[in-house]
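Please treat every number below as a calculation from the coordinates, not as lab data. All values reported here derive from a predicted model rather than from experimental measurement. Please note: Cβ atoms are built from the backbone with ideal geometry, for glycine as well, and neighbour counts cover all protein chains shown.
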Amino acid sequence: MTMKDFKIVFTGTPGAGKTTAIAALSDTPPVSTEVQNTDAGLHKARTTVGLDFGQVDLGDGQCVRLFGTPGQARFEFMWRIVATDAAGLVFLIDNSRPDPLADFAAFLDAWRDLLPQMSCVAGIGRTEACTRPSVDEHADLLAARGLVFPVVAVDVRRRDDVLMLVDLVLALALTRA
Amino acid sequence: MPTLFEVSSADVAAQALRAVQALLVDLDGAATIVIASADGFELAHGGRLAVAPARLAALVSSFAALGDVASRESSIGTARCLVIDASQGRLVVRCMQLRGQAVVVVVLTDASVLLGRVWHSLAAAERLVNDA
């Protein structure tokens, strides 16, 4: 891995905003594999089944490739494919779902064996409308598992918020290098 | 009382099963057939199952979506069919409409089955269920 070409993966529950985040930040039209959603429980018209892809030029010749995973557990096989050679992982958690802490825990479990190899950050969405659990409670969940990485509130529709997530992951990756 | 969504899904699942049965009759050498919704739910399956149909449904919906985006990015239109030609057989994945719903059909065959034969049978199955 060099800082010239950096791969970051966005993962998280369906509807957490992975596709939106990549579209918000990408300099190029994002590649999306959204299809019609037939799961009435998801409350959304379309859902990602393959991957999302975008890229952003940070200047100084540094290009960050942004990949998004599908959110549903039945697509877990894609998570591993998308994560190959990734240096950074962004967890996106939707705080409006019934049990955001359980969602976060499930994703930490699913990615557990890859976490030591990757710099991680968590973005908690929809915190203005749904204040609990707090960002601190999400961080406590990490601490209880012996994990420490940044947890921040984000609105993935805002480019600056997504850029903050990417900056955090890049800073951590540089520290590890 | 079932919702419109549930009624529609039941009809699509019934037609999917009909298509699976037609394909099994039509295709010698087809070991497994699975029809999935575009978002990766198994709608119907048949044949000798070497793989869990729910897992295969999710896998092929991803393949189909990736194939479609590759087709569109390459300006060659909408993807209709993808083929994985492996050492001991083939996976033939076809995207089609079933009663107005986008579905993905995967046929797992041994290496002896001609691809053209599979394509012909898939097209015939699509006509069969949509003309019914």
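Name the residue from A:Ile93, A:Ala45, A:Ala83 whose Cα lies farthest towards the positive end of the charge dipole of segment A:36-113, charges +1 on Cβ of Lys and Arg and -1 on Cβ of Asp and Glu.
With unit charges placed on the Cβ atoms, the residue in question is A:Ala45.
Relative contact order for segment A:3-55: what is it in percent, counting Cα pairs under 8 Å that are at least 6 residues apart?
Details: 60 pairs, mean separation 19.1, N = 53.
Result for segment A:3-55 is 36 percent.
Measuring from label point to label point, each 7 Å out along Cα→Cβ, what is the B:Arg55 to A:Ala143 span in nm?
Taking the simple label geometry, B:Arg55 and A:Ala143 are separated by 4.0 nm.
With +1 on the Cβ of every Lys and Arg and -1 on the Cβ of every Asp and Glu, and nothing else charged, how large is the dipole of segment B:55-132 about its Cα centre, in debye rounded to the nearest 20? Intermediate values should be presented prior to the final figure.
On the way: 8 positive and 6 negative charges, 21 e Å.
Dipole about the Cα centre, nearest 20: 100 debye.
In a Debye calculation with equal point scatterers on the alpha-carbon sites of segment B:90-132 and no solvent, what is log10 I(q)/I(0) at q = 0.23, 0.26 Å⁻¹?
Values, matching the q order: -0.77, -0.91.
Please compute, for the alpha-carbon atoms of the protein assembly as shown, the extent along each of the three principal axes and give them in descending order in Å.
That gives 60, 50, 33 Å along the principal axes, largest extent first.
Evaluate peptide A:61-72: per residue, the Cβ atoms of other protein chains within 10 Å of its Cβ; return the mean as an integer. The partial results should precede the final answer.
Numbers: counts 0, 0, 0, 0, 0, 0, 0, 0, 0, 6, 0, 4.
Across A:61-72, the average partner-chain Cβ count within 10 Å equals 1.
Rounded to the nearest 5, what % of DSSP beta bridges with both residues in the protein assembly as shown are antiparallel? Could you put the intermediate results ahead of the total?
Numbers: 40 of 62 bridges.
In the protein assembly as shown, approximately 65 percent of DSSP beta bridges are antiparallel ones.
Compute the Cα gyration tensor for chain A, then decide on rounded, prolate or oblate, letting a ≥ b ≥ c be the square roots of its eigenvalues: rounded whenever a/c is under 1.5, prolate when a/b is larger than b/c in the other cases, and oblate in all that remain.
Note, shape of chain A comes out rounded.
Once the dipole of segment B:54-127 is set up with Lys and Arg at +1 and Asp and Glu at -1 on Cβ about the Cα centre, which of B:Ile84, B:Trp119, B:Ser71 lies farthest towards its positive end?
B:Trp119
What order, most packed first, do the peptides A:93-105, A:162-174 have when packing is the mean number of other Cβ atoms within 10 Å of each residue? Walk me through the intermediate numbers first.
On the way: A:93-105: 17.2, A:162-174: 18.8.
By packing density, highest mean first, the sequence is A:162-174, A:93-105.
In the protein assembly as shown, with Lys and Arg counted as +1 and Asp and Glu as -1 at Cβ, which of these residues, B:Ala14, A:Phe104, A:Ala139, has the Cα nearest the positive end of the dipole, that is, farthest along it?
B:Ala14
What does the structure give for B:30-37 when I average, per residue, the other chain Cβ atoms found within 10 Å of the residue Cβ?
1
With the contact rule set at Cα under 8 Å and sequence spacing of 6 or more, what percent relative contact order holds for chain B? If you can, show how the numbers build up before the last one.
Details: 219 pairs, mean separation 34.4, N = 132.
Result for chain B is 26 percent.
Less than 15 Å Cβ to Cβ from A:Asp113, Lys/Arg counted +1 and Asp/Glu -1: what total charge do the surrounding residues give?
Details: positive: A:Arg80, A:Arg112, A:Arg145; negative: A:Glu76, A:Asp109.
Residues near A:Asp113 contribute +1 overall.
Which whole number gives the average, over all residues in A:38-47, of C-beta atoms from other chains lying within 10 Å of the residue C-beta? All intermediate terms of the calculation are to be shown ahead of the outcome.
Values: counts 13, 4, 4, 0, 1, 0, 0, 0, 2, 3.
Mean shielding count: 3.
Work out the FRET efficiency for A:Ala102 and B:Asp110 from their Cβ-Cβ distance, taking R0 = 41 Å, and round it to the nearest 0.05. Provide the component values of the computation, followed by the final result.
On the way: r = 44 Å, r/R0 = 1.08.
Result of the calculation: an efficiency of 0.40.
With all pairs of different alpha carbon atoms counted, what Kirkwood hydrodynamic radius in Å does chain B show? List each step's numbers first, then the result.
Numbers: mean 1/r = 0.0676 Å⁻¹.
For chain B, the Kirkwood estimate is 14.8 Å.
Report the charge-dipole magnitude of segment A:1-126 in Debye, nearest 20, computed about the Cα centre from +1 at each Lys and Arg Cβ and -1 at each Asp and Glu Cβ. Walk me through the numbers before you get to the answer.
Values: 11 positive and 14 negative charges, 31 e Å.
Using only the charged Cβ atoms, the result is roughly 140 debye.
Counting Lys and Arg as +1 and Asp and Glu as -1, each charge on the Cβ, what is the dipole of the protein assembly as shown about the Cα centre in debye, to the nearest 20? All intermediate terms of the calculation are to be shown ahead of the outcome.
On the way: 27 positive and 34 negative charges, 102 e Å.
Magnitude of the dipole: close to 480 debye.
Using r as the Cβ-Cβ distance of A:Ala171 and A:Lys44, and R0 as 51 Å, what FRET efficiency do you calculate, to the nearest 0.05? Walk me through the numbers before you get to the answer.
Details: r = 33 Å, r/R0 = 0.64.
It comes to 0.95.
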